[in-house]
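First up is the structure itself, then whatever we jot down about it.
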Amino acid sequence: MSALSSLSKVMFLGLIRDRTAVFFMLVLPLLFLVLFGALFQGEGGSRSTVVQYGEVTVLDELDEEHLAALSEALVLERTGDREDALERLRAGEVDAVVWEETPGTLELRYSAADEARAGAVRGLVNSLVQDANVAATGQPPAFRMSTERVEDESIRAIQFLAPGLLGWAIAMGASFMSAFTLVNWRRKRLLRRLWLAPIRPGAVVGARIGVSLGLAMAQLVLFLAVAVIPFYGLRLTDMWWLSIPLVACGTLAFMAVGLLIGAVTSTEEAANGVLQAVIMPMAFLSGSFFPTEVMPGWLEPIARLLPLKHLNEALMGVLSRGEGWGTALPVMGGLLLFAAVVAAIAARLFRWEAK
Amino acid sequence: MTDAAITVEGLRKRYGDVRAVDGVSLEVVSGEFYGILGPNGAGKTTTLELIEGLREPDEGTVRLLGLPSWPRNPDLLRRIGVQLQSSAFFEKLTAREQIRSFASLYGVSADRADAMLETVGLTGKADVRDTELSGGQAQRLSIACALVHDPELVFLDEPTTGLDPQARRNLWDLLREINGQGRTVVLTTHYMDEAELLCDRVAVMDAGRVLRVGRPRDLIEELGVANLEDVFLRLTGREYRE
């Protein structure tokens, strides 16, 4: 075995035998994807459930076409037991109950638990009533609204979560592994020992990069495999494979971050603390866990400086939005430049001995 | 060809204001068992690291087997074996995986690595991780890793520190065997009984300088004392060191 392959094997075994590392780098991000994906699965595309009691003219007189359009927005159930329906509404099982108290007077009861749904149901039923009113006058409506949906703006949760959590997993895996190898090998004097073995320094660096890239690709495959199962329903666009070079460049960028942190810390515990303090806030600011639109605006320029922000956005672009080289290339270039600059700083701060 | 395994001339290394090594010259003959002795902070380890080529000297030259040890020379590294002060093992690997990894760095086969494990009596512990080995077993593994490529010149930095008497004696036998095979061995130690028993010649160091070099028996005779420990105390004083 060559020095390169034997050092790669050493690093690979050191990783997979470290249960804590495997949990935090492989299992935890996947768990987040599985859990968050399931939690937010219904969001956005979900329909409200409305229970109809007795005869309701405006609903009963809808033709096929209107019913089909309506069923995109809500599920209509019919019941003969109003008290039971109201009980289900209180329990949060349905979103609204509707009946016709006297001919022409609609009664709508809705739950205030979910403002957005309550508003949607109210608006829908109200528009049905207004349509019926206009029709009753026998006159053509004075105003019309024409609507068209814009595809791009509506992102399903998985389309956002898969790239964001993947970016976070890559950042964590790459930075932790390079920092730990550096700190651990320096503390145990393995770096010195390897200096006195007849190997090229490139073999050590090459093995570290190779094993980290291997892990990153395993993370990519696992994430995509989970995200595309029908339950989560990520539909990959034609240019999804651009995520491979993006993940590779991201891995190099975060390995450089790990090297820098490894260069300035002396123990694994200290390196771990600094890494957490760097990676976690960066993941939040970069929108790995939730969309950054909810953040105050003044954070945006700070987030723009973070490599993970750009990696996340580019991953979302190529995985979910059908964007291509135009999105991926500048980000890949930026990540590589970032990696080079940070690695150069790390090299200057490098020490053979722990303080 | 000279039969000097190591030639050191005028070696100096300073860290800030501290002269860690302050003009060391010595010569080790091929096949010799050579001890570098000195109290803590005397500069033993720095001297050894300068000789091994781990650090660049401020002044002076080191030639190992006729070749300069600085700058780093892979062809020379193939011919020397090094055991560093603390056990430098890879994380989470078993004894067999450790020695096979080191072997492959030197282009040595796995069979040869397993044979080396046998030589140091660790075949029974081959599947045990380094963290579960006793102190003596870990030192033997560490020495085995230094010897796996059959080096002509072996450096051992305090190999017996922290071992119980049984493990020390066990290791002495191993070190004698290594030297008996014709290898030049250089070791640093705190234990004067060990140096007196094992070493052909010793260099006593303090404050970055070599105070005296000679065969243990000659030094004892010269100073008219009972043993090497007395020689050491006579030369380096009795006050406490850090």
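The values are calculated or read from the model by the stated rules, or taken from the named source; none is laboratory data. All values derive from a computational prediction rather than experimental measurement. Don't worry about glycine lacking a Cβ; one is built from the backbone with ideal geometry, like all the others, and counts go over all protein chains shown. Areas reflect the complete protein model, heavy atoms only, side chains present, ligands, DNA and RNA absent. Shrake-Rupley method; radii C 1.70, N 1.55, O 1.52, S 1.80 Å.
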### Message
Taking the conditions exactly as written (closer than 26 Å to B:MET192 by Cα, modelled with pLDDT under 95 and within 14 Å of chain A (Cβ to nearest Cβ)), does B:ALA20 satisfy them or not?
### Response
yes
### Message
Between B:LEU187, B:LEU163, B:LEU219, B:LEU228, which is free of Cβ contacts under 8 Å to residues at least 24 places away in the same chain and open to solvent by less than 60 Å² (accessible area, probe 1.4 Å)?
### Response
B:LEU219
### Task
Check B:VAL82 against each of (1) open to solvent by less than 40 Å² (accessible area, probe 1.4 Å); (2) at positive phi; (3) within 12 Å of chain A (Cβ to nearest Cβ) and name the one condition it does not meet.
(2)
### Summary
Subset of region B:64-79, residues within 16 Å of A:TRP195 (Cβ to Cβ), without any contact (Cβ under 8 Å) to a residue 40 or more places away in the chain and more than 8 Å from chain A (Cβ to nearest Cβ), comes to B:PRO68, B:SER69, B:TRP70, B:PRO71, B:ASN73, B:LEU76
### Task
Could you grab the pairs with beta carbons closer than 6 Å, sequence gap of 6+ or different chains, first residue in region A:5-20 and within 7 Å of chain B (Cβ to nearest Cβ), second one of a type in the set (Gly, Ala, Ser)?
A:SER6/B:SER101; A:SER6/B:SER104; A:VAL10/B:SER101
### Query
Would it be correct to say that A:VAL27 is in a helix (DSSP H, G or I), within 11 Å of chain B (Cβ to nearest Cβ) and either at pLDDT 90 or above or on the phi > 0 side of the Ramachandran plot (or both)?
no
### Query
Quick check, is A:GLY37 within 14 Å of chain B (Cβ to nearest Cβ), out of contact with any His (no Cβ under 6 Å at 6 or more places or on another chain) and either modelled with pLDDT of 90 or more or open to solvent by less than 20 Å² (accessible area, probe 1.4 Å) (or both)?
no
### Query
Any idea which of A:LEU215, A:LEU182 is closer than 30 Å to B:LEU147 by Cα, open to solvent by less than 40 Å² (accessible area, probe 1.4 Å) and in the same structural domain as A:PRO291 (by TED's automatic domain parsing)?
A:LEU182
### Message
If I go through region A:72-88 residue by residue, how many of them are within 22 Å of A:ALA120 (Cβ to Cβ) and in contact (Cβ under 8 Å) with a residue 24 or more places away in the chain?
### Response
10
### Task
May I ask you to list the residues in region A:269-306 that are open to solvent by 70 Å² or more (accessible area, probe 1.4 Å) and under 21 Å from A:ILE158 (Cβ atoms)?
A:PHE284, A:PHE290, A:GLU293, A:VAL294
### Task
Can you confirm whether region A:61-77 contains a residue that is touching a helix residue (DSSP H, G or I) at 6+ places or on another chain (Cβ under 8 Å) and loosely packed, with under 13 Cβ neighbours inside 10 Å?
yes
## Note on the structure
Checked A:ALA113, A:ALA132, A:ALA136, A:ALA142 against criteria (assigned to a loop (DSSP other than H, G, I, E, B), assigned by TED's automatic domain parsing to the domain that holds A:TYR53 and either closer than 24 Å to A:ALA68 by Cβ or over 36 Å from the mean Cα position of the chain (by Cα) (or both)); the one match is A:ALA142
### Subset of region B:56-71 that is among the charged types (D, E, K, R) and touching a strand residue (DSSP E or B) at 6+ places or on another chain (Cβ under 8 Å) - its residue that is surrounded by the most Cβ atoms within 10 Å (Cβ to Cβ)
B:ARG63
### Task
Could you please find all residues in region B:1-18 being more than 24 Å from B:GLY214 (Cβ to Cβ), of a type in the set (D, E, K, R) and in a strand (DSSP E or B)?
B:LYS13, B:ARG14
### Task
Go through (1) part of a helix (DSSP H, G or I); (2) closer than 19 Å to A:GLU55 by Cα one by one and return the number of the condition A:ARG88 breaks.
(2)
### Query
Looking only at helices (runs of 4 or more DSSP H) that fall completely inside region B:85-149, which ones have 3 or more residues that are open to solvent by 10 Å² or more (accessible area, probe 1.4 Å) and within 9 Å of another protein chain (Cβ to nearest Cβ)?
B:95-105
### Query
If we keep just the residues of region B:36-55 that are open to solvent by 10 Å² or more (accessible area, probe 1.4 Å) and among the polar types (S, T, N, Q), which is farthest from the other protein chains (Cβ to nearest Cβ)?
B:ASN40
### Message
Being more than 18 Å from A:GLY164 (Cα to Cα), out of contact with any strand residue (DSSP E or B) (no Cβ under 9 Å at 6 or more places or on another chain) and either crowded, with 18+ Cβ neighbours inside 10 Å or within 14 Å of chain B (Cβ to nearest Cβ) (or both) narrows it down to one residue among A:THR265, A:THR251; which is it?
### Response
A:THR265
### Message
If A:ILE199 satisfies all but one of (1) within 14 Å of another protein chain (Cβ to nearest Cβ); (2) crowded, with 18+ Cβ neighbours inside 10 Å; (3) assigned to a helix (DSSP H, G or I), what's the number of the condition it fails?
### Response
(3)
### Message
Just to be sure before I move on: is B:ILE99 modelled with pLDDT of 95 or more and not assigned by TED's automatic domain parsing to the domain that holds B:HIS190 in the structure I sent?
### Response
yes
### Message
I need every pair where a residue in region A:163-185 that is under 14 Å from A:LEU246 (Cα atoms) has its Cβ under 9 Å from the Cβ of a residue that is part of a helix (DSSP H, G or I) and basic (Lys, Arg), sequence separation at least 6 or different chains.
### Response
A:GLY167/A:LYS309
### Summary
Selection from region A:307-337 of residues of a type in the set (D, E, K, R) and open to solvent by 40 Å² or more (accessible area, probe 1.4 Å) yields A:GLU313, A:ARG321, A:GLU323
### Summary
Among residues of region A:218-244 being under 17 Å from A:GLY173 (Cα atoms) and of a type in the set (Val, Ile, Thr), the residue most open to solvent (accessible area, probe 1.4 Å) is A:VAL221
